[in-house]
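Following: one structure in structure tokens, then a few remarks.
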Amino acid sequence: MRSMLSMILLAVLIPLQGWAQQATSMTGGNQLDFEQYSLAGEAFGTKNAISASQMLEVYQGLQIGDSIEVTLNTSVNSVCKSKGCWMKLDLGADEESMVKFKDYAFFVPKDIEGRDVLVHGKAYVTEMSVEDQKHYAEDGGASKEEIGKITQPKRTLSFLAEGVLIEPELEKRNH
């Protein structure tokens, strides 16, 4: 069963890689300049990064327990306000991916909400307990009322990042 799912995911991802290369050629071969981005975790290549909407399609094909290695280019919706030990990424269509960091070996700045990032690692689907949801909501600065509304386990689009490239602050980008 897993080999069948792997084949299906490969059938989806191979055209996506071609699309990324086609998009680069359509822009005259120009790729985004990541030299000013800051790195958290391990360095990785950016050539085959996919968009949030493409990642959402991949997640829709995953079942609990499946995983796939990928590089994702999207924006940050929220970050752990306590330590920067997790973040939630925008996937579009009111969906998010919950990102944790491999071996708890690095964190991200707590003030990067709204900034673009590239994350490299493993995307997977889990079911998050009510207790964990409440913990992350509290870390994210949610009100007691919002936390109290969490009453059911939730299918969670998850990501274990090995490395993260973070877009510079606006002031730094303009200099």
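Please treat every number below as a calculation from the coordinates, not as lab data. None of the values given here were measured: they were computed from a predicted structure. Counting neighbours? That spans all protein chains shown, and the Cβs are built from the backbone with ideal geometry, glycine included.
Please order T156, T46 by the number of other Cβ within 10 Å, starting at the fewest.
Ranked by crowding around the Cβ, least crowded first: T46, T156.
For T156, what residues show an amide H to amide H distance below 5 Å, using hydrogens built from the backbone and excluding near sequence neighbours?
Placed amide hydrogens put T126, E127, M128 under 5 Å from T156.
For C80, C85, what ranking results if the residue with the fewest other Cβ atoms within 10 Å of its Cβ goes first? Intermediate results must be reported in sequence, preceding the final value.
On the way: C80 19, C85 15.
With the fewest neighbours first, C80, C85 line up as C85, C80.
Taking θ = phi - 60°, what integer Hz values does the Karplus form 6.51 cos²θ - 1.76 cosθ + 1.60 yield along the range 51-57, in sequence order, with x for Gly and Pro?
Each residue of the range 51-57 in turn: 7, 4, 5, 5, 5, 4, 4 Hz.
Tally Lys and Arg at +1 and Asp and Glu at -1 over the other residues with C-beta under 10 Å from the C-beta of V125: what net charge comes out?
Details: positive: R155; negative: D66, E127.
Surrounding charge for V125 is -1.
If you plug each phi of the range 161-167 into the Karplus form 6.51 cos²θ - 1.76 cosθ + 1.60 with θ = phi - 60°, what whole-Hz ³J(HN,Hα) values come out, in order, with x for Gly and Pro?
7, 8, x, 9, 9, 10, 4
Calculate one ³J(HN,Hα) per residue across the range 58-75 by plugging θ = phi - 60° into the Karplus curve 6.51 cos²θ - 1.76 cosθ + 1.60, and present them in order as whole Hz with x for glycine and proline.
Taking θ as phi minus 60°, the curve returns 5, 4, 4, x, 8, 10, 4, x, 7, 8, 8, 7, 7, 10, 10, 10, 7, 10 Hz for the range 58-75.
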